[in-house]
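Structure, as structure tokens:
Values in this text are rule-based calculations from the coordinates and carry no lab data. A quick note: this is a predicted structure, and the numbers were derived from the prediction, not measured. Note: ideal-geometry Cβ built from the backbone for every residue, glycine included; neighbour counts use all protein chains shown.
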Amino acid sequence: MGTGSGSKERTAVIGVGQTKYASTRGDVSMAGLLREAAYRALEMAGKTWDDIDAVVMGKAPDFFEGVMMPEIYLAEALGCVGKPIMRVHTAGSVGGSTACVAASMVQSRVHKTVLTIAWEKQSESNAMWALSLPAPFTTSVNAGAGGYFSPIMRRYMAMSDAPELIGCMVAFKDRQHALKNPFAHLQQKDLTFDQVVESPMLWDPIRYSETCPSSDGACAMILTDEASGDAHDGPVAWIKGTAMRSESNSYGGRNMVSPRASEECANDVFAQAGIHDRRKEIDAVEMYVPFSWYEPMWLESLGFADKGQGWRMVEDGSTNHEGGDLPVNCSGGVLSTNAIGASGMVRFAEAALQVMGEAGEHQVDGARTAFGHAYGGGAQYFAMWVVAAQK
Amino acid sequence: MRDSGLRDIAIVSFAQRQEAAIRDESEVEFMVPLMAQAKADVGLTQQDMGFTCSGSSDFLAGQAFSFVATIDGTGPVPPISESHVEQDGAWALYEAWVKLQCGDIDTAFVYSYGRSSPGSLRDVLATQMDPYYVAPLWPDAFAIEGIAARILLESGKVSERQLAEIASRSRENAASNPNAVRRTPKSVDEILAEAYLADPLRPSDIPASADGGCAMVLAAGDRARELCDRPVWIRGIDHRIDAHTLGVRDLTTAMSARIAAEKAGVGNDKIDFAELHAPFTTSEAVLIEALGLGDDVVINPSGGALAAHTMMAAGHIRFGEAFERIARGDGDRAVVHATAGPVLQQNMVAVLEGD
């Protein structure tokens, strides 16, 4: 690692924009989908396309829409003719990584104001097909991501002695949270806890209602430098830390339940933000939970709970929007909306909305410091940030 | 670039491999030795790298998340701070350069690769076009460049003979480059006698497709001087994109390349040579004008992307070729260029300089 002594430019989030997420956004093209989110972010920031110095775009595999390097086609739609555009792709963590890369553009003082946007329009193609293309010397995970992660969740259950229905509690909680977020894909107002428990088992221990939907959607943010953040006439979220970590998918002794890359990424980002007691000092968490059991697993891996104890926070309601001391995924989370490439950025953006006081019905009262989290690959890619209301 | 108070960042090592077709090795297999060499050349290991960034394409690999396998080649245990762009490796280099500008790291590792031989790249690239109005027609990439070439010729800015001269010079320069694929010399008249492949483009106007990749180490300030005898400094770097819709832009120039060149400071001092990611002879003709390169600038001493076009790495390799040339004293100041998209839509320009 380096010993450079330069100081980074303090960076502010001044705009967040999201589309309505749905399984098929047949009313818009890909370009139209991105513009919907971008316009909303620009509007909240009080900026126009002319104020944007560069665009940093992220999304998951190009096979999900069948467009190779779509930033090429989206140049006009994203208002970047004559400007720089980057395209990040780091597996499921991509939305978070994209925000980290965009932040570095401002932190480095290379650019002043950056539009960052992440998206997926899954209805254009078929993600299960795209994830199951045969490759030489590689075992195809025909069962998709759920088939890959289910043994890891079983391992967690065995190690922690967690009650069987913790996963159902997480899923029911997130679906209830989604009812307070008008952008969330799933709006299951009549869903009962018993229905979650009785839903068909897909990848044991994951039931149908404990997994994420397949969504179309985009999420955008406007990031700017300290002077512009100070001068901004509106809510601001200050970026206190960003971190990315990656590790091999498999190696001897790898902890699949709490990967070393996850723990080291968290240590890095919380150190940057000066956070010592994570559970006490963080007011709202948006973490990447595509399968219910990942909430207690990440609570432990990220240091919000002791090892083997994360499920107790689910059981006692600590992670609920109402009454919880560490509300997790008040937006409804990935379990209620999964526009894959966008999902990481949605977590980062929702964390920003919380400290801006702009989360609407799912606002955590008095949230001052929030944490955004994304992971990808075989739980081997991580991106995280901490944002706060105060510089 | 916005701030003049940027850190000095240099390229300190480079390794590459390009062949017409690499058939018996996967991307990870052929990248591992290159990654190892680039690090060993400066005595570093993966754990010494402050940041790692790569560029590649799932569409070429034929697999979603293909880069996830390749990262294993770096040896990412313990975990590394890492990112990936679905762009030419030149943009991975740019991301690493930005990260180094943040000031908290001093070294970065950048690699990129692509293998086009398993498919038909000219058809694969049709999926890069507007997915609603253009891609469904499956316009092949050579045909699109052919249309642009016709417009260029009719503008009077360049003649078919001048294009043939570019092709001939590329072949001549490539003859001494072991990584080039098209290395057999051909005279201008021989090239003009070739039958059209995508009228008015002849086979020699079109890039020699290659499989391969490259790996590179970047370092900041004094760290760069510790690591090698002659670091090659990135004095300026910028990238821009043009409109995608071919009908709305002037295809006889490259506005985005012109802006990037100005921002990178191309006109600030004498340039000895240029390594341009010009896949077609027409691209080179357009770039020389857009970048404002005079007659005294040696163009593509490696033979350029015409002589070996490794999709997703060809732009990055231009940085490497210029690094090697300056590091061994064959010139002090170079312009480097990378491109993406149809007819030079997206362009990066950098100025490299030895101490």
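Odds and ends about this structure:
- The slack between A:Ala158 and A:Gln390, meaning 0.36 nm per residue of separation minus the straight C-alpha distance, is 79.4 nm.
- At 1.306 mPa s and 10 °C, Stokes diffusion of chain B via Kirkwood alpha-carbon radius, µm² per second: 79
- Mean Kyte hydropathy of -1.0 or more with a Cα span along the axis of at least 15 Å, helices from DSSP in chain B: B:27-40, B:89-101, B:141-154, B:314-327
- Taking amide H as placed 1.01 Å from N in the peptide plane, B:Val85 has its amide H under 5 Å from the amide H of A:His89, B:Ser54, B:Gly55, B:Ser56, each at least 5 places away in sequence or on another chain.
- Residue-wise HN-Hα couplings along the range B:180-192, as the Karplus relation 6.51 cos²θ - 1.76 cosθ + 1.60 with θ = phi - 60° gives them from phi, are 7, 9, 9, 10, 8, x, 8, 6, 4, 5, 5, 5, 5 Hz; Gly and Pro carry x.
- Among the chymotrypsin sites (Phe, Trp or Tyr not before Pro) in the range A:196-281, those placed in a DSSP loop whose Cβ has at most 14 other Cβ atoms within 10 Å are A:Tyr251.
- Neighbour-count order for A:Met345, A:Met201, fewest beta carbons within 10 angstrom listed first: A:Met201, A:Met345
- Put in line by how crowded their Cβ is, counting other Cβ atoms within 10 Å and starting with the fewest, A:Ser104, A:Ser343, A:Ser248 read A:Ser248, A:Ser104, A:Ser343.
- With a 10 Å cut-off around each Cβ of A:108-116, the average count of Cβ atoms from other chains is 4.
- The Cβ shell under 15 Å around A:Phe382 holds other residues with a net charge of -3, Lys and Arg each +1, Asp and Glu each -1.
- Rounded to 0.05, the FRET efficiency of the B:Ser120 and A:Met128 pair, given R0 = 25 Å and the Cβ-Cβ distance, is 0.45.
- Distance between modelled label sites at B:Arg328 and A:Glu198, nm, 7 Å Cα→Cβ extension: 7.6
- For the range A:41-95 versus the range B:198-233, the gap between their alpha-carbon centres in whole angstrom: 26
- Net charge of the neighbourhood of B:Thr252, taken over other residues with C-beta under 11 Å away and scored Lys/Arg +1, Asp/Glu -1, is 0.
- Distance between the 7 Å Cα→Cβ label points at B:Arg225 and B:Ala40: 2.9 nm.
- The stretch between B:Glu154 and B:Arg7, if pulled fully straight at 0.36 nm per residue, gains 48.4 nm over its current Cα-Cα span.
- Taking the fewest neighbouring Cβ atoms within 10 Å as the starting point, the ordered list for B:Ser112, A:Ser258, B:Ser13 is A:Ser258, B:Ser13, B:Ser112.
- Each part reduced to its alpha carbon centroid, the range B:252-304 and the range A:197-267 end up 41 Å apart.
- Inter-site label distance for A:Ser23 and B:Gln47 at 7 Å from Cα along Cβ, in nm: 5.0
- Shielding by partners, peptide B:236-242 (average Cβ within 10 angstrom, other chains): 5
- DSSP-loop chymotrypsin sites (Phe, Trp or Tyr not before Pro) across the range B:93-194, with at most 12 other Cβ within 10 angstrom: B:Tyr132, B:Tyr133
- Helix content alone sets the calculated 222 nm mean residue ellipticity of the protein assembly as shown: runs of n ≥ 4 DSSP H residues at -39500 (n - 2.57) each, divided across all residues, give -9500 deg cm²/dmol.
- Here the 3J(HN,Hα) profile of the range A:293-307, calculated from phi with Karplus coefficients 6.51, -1.76 and 1.60 at θ = phi - 60°, is 5, 5, 5, x, 4, 6, 4, 6, 4, 8, x, 7, 9, 5, 4 Hz, Gly and Pro shown as x.
- Neighbours of A:Ser343 by Cβ distance under 15 Å: Lys/Arg scored +1, Asp/Glu scored -1, total -3.
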